[in-house]
Amino acid sequence: MAEPMEEQSPLIALAHKRFLYRTQDVPVADRAQLQQDILDLVRAHDMAPLYEEVCSELGVAEDAAALSEMRERNTKQLAELQEKIKDAEVNAGDVEVRDALQARADYICSIGDHAAALEAYAAAEAKTAGVGPKMDLAFSQIRLELSRGDWRAVKAGLEKAQLLCDKGGDWERKNKLKVYEATFLMATRQFKRAAELLLDAIATFTTGDLMSYEQCIYYTVLLAVVALDRPTLKAKVIDSPEVLSVIDVLPHARPFLSCLHNCQYAEFFEAFAGLTDSVRADRYLHPHFRYFMREVRAVAYVQFLESYKSVTLASMAASFGVSPAFLDAELADFIVAGRLPAQIDKVAGVVETNRADAKTALYQQTIKQGDLLLNRLQKLSKVIDIE
């Protein structure tokens, strides 16, 4: 990670800030400052096509003079880029023409003109021959769709990038594709596969235009806790040099990760509580906030009960730093949902696990497969008798 990485795309940064502003259940220390940050970002990058939409969303009056200046700069820059395309067509080769077309498409994308950007990228792609450059164009379009939250378009872009990658993408672009795909999977609640892809990507992370390295590790830690079993979590995350290099920069991440593995459940719940605001404020995870919270608690309860045949509610509640009444209601919900192989004896105040041991599970599986085989033999015999 010694080499400097690309900065996050301004469109992605803007999308996150707009999400924070319009999502009322996300705590924001200074909403007025956030509003100003959004406007400053739009003006700094001359995003004239988005300015009116943003002003409407923020409930502020448009600055006609500022909009006019941005449009003038857009027109001037586009004219210069068009001139470079014409010059390349007359005086240079196909590679220079392609580069000029891509530069124009990237600029249109950077100012937020969605329709024009897609058209410009199509023109650049028509002049592009290699797999690598075509993947770069696909990544730019995926970022554009990510900034708009169009997940169907993101999925289509990922499928296109995967097809290109299968034709011979280099390792760096393959690695980038893993991060882009993990972002989509995370946003669509496919946490296990997202965690696996991020773990594959963090050692050679080069996707700074989408997220920072620290943000990538943050997602890796969160998703790994709910997606990986305990031995895998230890081997691939807790002991990972890449994770260890930045985990202390992320508030509450180290105790959240290590306390679960060390069975320090009260401390784990405290760290988990410290992470809730950041999870709620994340654009990709916010729609799954309640689900994620439930999954984390389920992982901790399952791990705790694996060590016991029976345990008192009071003892388990003390281990988690919660009241017996709260734990009783929590466990009942998970048991009813089939997430915990246990039952609660409310009179005795005891939680009893009812996991089948390996021999019993194998016996039950054998009986089930034998029944299926007998049913198939009976059907086959009827067919033979008829013939």
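Here are a few things to note about the model shown:
- Placed amide H near residue 350: partners under 5 Å, 5+ positions off or other chain: 313, 345
- Applied to the range 8-23, the Karplus parametrisation 6.51 cos²θ - 1.76 cosθ + 1.60 on θ = phi - 60° returns per-residue 3J(HN,Hα) values of 4, 4, x, 5, 5, 4, 5, 4, 5, 5, 5, 4, 4, 5, 8, 9 Hz, with x for Gly and Pro.
- Backbone geometry of the range 120-128 corresponds, through the Karplus equation with coefficients 6.51, -1.76 and 1.60 at θ = phi - 60°, to 3J(HN,Hα) couplings of 5, 5, 4, 5, 5, 5, 4, 9, 9 Hz, x marking Gly and Pro.
- When the convex hull of its Cα atoms is projected in every direction, mean area for the range 226-310 (nm²): 6.0 nm²
- With the convex hull of the Cα atoms taken as the outline of the chain, the averaged projected area works out to 29.1 nm².
- Residue-by-residue Karplus 3J(HN,Hα) for the range 317-329, coefficients 6.51, -1.76, 1.60, Hz, glycine and proline x: 4, 5, 5, 8, x, 10, 7, x, 5, 4, 5, 4, 5
- Net +/- balance of residues flanking residue 87 in space, Cβ distance below 13 Å, scoring K and R +1, D and E -1: -2
- Applying 1/(1 + (r/R0)^6) with R0 = 56 Å to the Cβ-Cβ distance of residue 374 and residue 248 gives a FRET efficiency near 0.40.
- Signed unit charges on C-beta, dipole axis of the chain, positive-most listed residue 256, 137, 374: 374
- At an R0 of 56 angstrom, the distance between the Cβ atoms of residue 307 and residue 60 translates into a FRET efficiency of 0.45.
- Potential extension, residue 95-residue 19 segment - 0.36 nm per residue separation minus Cα distance: 23.5 nm
- When all protein chains stay in place and ligands, DNA and RNA are ignored, the 1.4 Å accessible-area order of 366, 183, largest first, is 366, 183.
- Normalised contact order of the chain, rounded percent, pairs of Cα under 8 Å and 6 or more residues apart: 12 percent
- Within the accessible area of the range 40-139, the carbon and sulfur atoms contribute 49%, probe 1.4 Å, all protein chains present.
- Highest mean packing comes first when the peptides 32-39, 270-277 are listed by Cβ atoms within 10 Å, giving 270-277, 32-39.
- C-alpha long axis of helix 213-227 to longest principal axis of the chain, angle in °: 30 degrees
- Accessible surface, the chain, averaged per residue in Å² (probe 1.4 Å): 52 Å²
- Computed over every Cα-Cα pair of the range 14-151 and binned at 10 Å starting from 0, the pair-distance distribution P(r) comes out as 11, 35, 30, 17, 6, 1 percent.
- Accessible area per residue (1.4 Å probe, heavy atoms of protein chains only) ranks 207, 75, 232 as 75, 232, 207, with the largest value leading.
- Amide H contacts of residue 310: 353, each under 5 Å away and 5 or more positions distant or on a separate chain (H built 1.01 Å from N in the peptide plane; Pro and chain starts excluded).
- Peptide packing for 373-380, 67-74 was compared via the average number of neighbouring C-beta atoms within 10 Å per residue; ordered from the highest value, the list is 67-74, 373-380.
The values are calculated or read from the model by the stated rules, or taken from the named source; none is laboratory data. Note that the coordinates shown come from a computational prediction; the quantities given were computed from them, not determined experimentally. A quick note on method: Cβ atoms are made from the backbone with ideal geometry, for glycine too, and the neighbour counts reach across all protein chains shown. These accessible areas exclude ligands, DNA and RNA; they are computed on the full protein's heavy atoms, side chains included. Shrake-Rupley method; radii C 1.70, N 1.55, O 1.52, S 1.80 Å.
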